[in-house]
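Q: One structure follows; several queries about it will come next.
Please treat every number below as a calculation from the coordinates, not as lab data. Computed from a prediction, not measured in an experiment: that's the story for all the values here. As a convention, Cβ positions derive from the backbone with ideal geometry for all residues, glycine included, and neighbour counts pool all protein chains shown.
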Amino acid sequence: KDFIVKISDMGLGKQLLGQSSFGMSTMNNSIGLGMSRNEGSTIAGAGPGSVGWQAPEVMAHRLSPESPLLQDELEASPMGPSMNGRTSRSIDIFSLGCIFFCTVLPGSHPFGEWYEREANIMKNCPTTRALEAVTIDAADLILSMLHRSPRSRPTAKEVVQHPFFWNPLKRL
């Protein structure tokens, strides 16, 4: 039986006050809470994406917005001046890699338990042993999506064309 998988990014969906982490996961969302733009952007957790699922370049900028970003991070950061389509997509590919990991290994996250995820993302320490036991193709795809360097992550087109998604006939 064929299935069509649909994944939705609700990061910019309607804010449900008191029921979600939306306020902590959107850049400068605290302005409406009586804080200035500068105060809001330095709150722990601020920035696009959910805590523990953000790409390392987003977290690095969130934790130190005044520090200069590396050129690779600048081009892949939604906060950088050269924001373009490839930019945000490489960040989304990272988060999608986390989702794929959790789909292939239910109940698991590639960077560990909730309390260690951000540190492991920043240290580039994904859990690989269980993933490699599933299939080599799954490990290859997901680990490429979780690559530390945004430029080294596959594009969405490269993801869907990966051998992990090939049917048995195409594998021959």
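Q: 7 Å from Cα along Cα→Cβ at both Thr103 and Met122: what's the point-to-point distance in nm?
A: With each label placed 7 Å out from Cα toward Cβ, I get 3.0 nm.
Q: For Arg129 and Ser88, what does the FRET efficiency come to when R0 = 35 Å and r is the distance between their Cβ atoms, rounded to the nearest 0.05?
A: Given R0 = 35 Å and the Cβ-Cβ separation, E is 0.65.
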